[in-house]
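Trainee: Have a look at this one.
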Amino acid sequence: MEIIMDNSRNDKADLERGLKPAGSYLDSLADFADLLGTIRQAENAAKELLEETSAAPPSKNGSAHDLAGAGEKSSEGIEKRRGEQSPPPAAQTISAEESDEKKPDLDELLGKLDALVGLENIKQNVKSLINYVKIRKLREENELPNPPLSLHMVFMGNPGTGKTTVARILSELYRAIGVLTKGQLVEVDRSGLVAGFVGQTAPKTAEAVKSALGGILFIDEAYALAPDISGGNDFGREAIETLLKLMEDHRDDLIVIVAGYSEPMGRFIGSNPGLESRFNRYFMFEDYNSDELYEIFSSMCAKSEYVITDDAARFAREHFRDLYDTRDENFGNARYVRNFFENIVAVHSDRISALESPTREDLTTVLPEDLKKAAIL
């Protein structure tokens, strides 16, 4: 049958009536586009079905049931793509053992330790401990016996003496020589171990230990766990008992460092026989002297590109000397220096903001009056 099309509306209507006797054809170009989309989806589904069936191991009989199962998987995949975007493939996790870039370098870490201001006795103790552990491993490789070893430590000293910093470097050093599998440092205090109600402290302590497995659990102001010392309740004693048990259960991949003021820490370790038997390495962190305090301060200024004038430097040295000579048990050490530096930056900013067109020299130069104002904040 030959059909002739023109631009008249009547001819168009006659044409549509002649072509759609049962109403089963398309009403518009939009319907035609939908049909094409459906066809494409069907083609994609068939393609995926063929790929899955060819990739899957053939069944013994190649039954229709197997083919139907593959078709169901393809349909599920299509429905998922319609409803949501498929997540990208998971990235491969590369362990530290598989990546030389992520593995800590022993010489680099020892250099980081040496770069710390002061702490000469601590540096020597850490290096001796590292050497001791390395020789133990060599003896094991040569099938030689080793005496029992406990690497749990007590850090004693005033705040701001670098206890946390040394613990962090130590965790990386142990990771580098294979003593620890991960080398992370988890920092907690009493609030991170002790709960407020009966039955909650043990699980809370266990959770903290779990997060530290493969690394170091660093407990600051650990003496607060002992009720006889801190004046607290017996929940602290429950945390200690739980901690001692977990230290024994995970002795091959967990190191615990307890830290705090010297005198309370001595009483804390002596308050429980289990603590005395497990913590047998003591590191004494001495206060920084005035020259070391100034060195820390100068390093902070240089790192942030602040220039200290000669007069300002003289004031800083005298200030730190007076501070050290009059120190008490609350002496802040490097913590005070950091706060002092931050006060200087604030005072300097106030002074420079009043200038109409500050130069680069203005932005970087710290004057004696900046230090004098910062010292009384």
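Where a number appears in this text, it was derived from the coordinates with a stated rule and is not lab data. Owing to the predicted nature of the structure, the values given are computational and were not obtained by experimental measurement. Note: ideal-geometry Cβ built from the backbone for every residue, glycine included; neighbour counts use all protein chains shown.
Trainee: Multiplying the sequence separation of E207 and K112 by 0.36 nm and subtracting their Cα-Cα distance, what value in nm do you get?
Mentor: Result: 31.1 nm gained on full extension.
Trainee: A 22 angstrom limit on the alpha carbon distance is what I want to check against. Which of K182/K210; K112/K137; K112/K163; K112/K373 exceed it?
Mentor: Distance filter (> 22 Å) returns K112/K137; K112/K373.
Trainee: Please report the orientation-averaged projected area of the range 290-375, defined via the convex hull of its C-alpha atoms, in nm².
Mentor: 5.3
Trainee: Further question: I'd like the Karplus ³J(HN,Hα) series for the range 115-124: coefficients 6.51, -1.76, 1.60, θ = phi - 60°, whole numbers in Hz, and an x wherever there's a Gly or Pro.
Mentor: Result, ordered by residue: 6, 5, 6, x, 6, 4, 5, 5, 4, 5 Hz.
Trainee: Could you tell me what % of all Cα pairs in the range 106-285 have separations over 19 Å?
Mentor: Of the Cα pairs, 57 percent sit more than 19 Å apart.
Trainee: Could you pull out every residue, at least 5 positions away or on a different chain, whose amide H is within less than 5 Å of the one on R281? Hs are placed 1.01 Å off N in the peptide plane, and Pro or chain starts have none.
Mentor: V154
Trainee: Let me ask another. Can you work out the FRET efficiency for the pair R317 and E276, with r the C-beta to C-beta distance and R0 = 41 Å, to the nearest 0.05?
Mentor: 0.45
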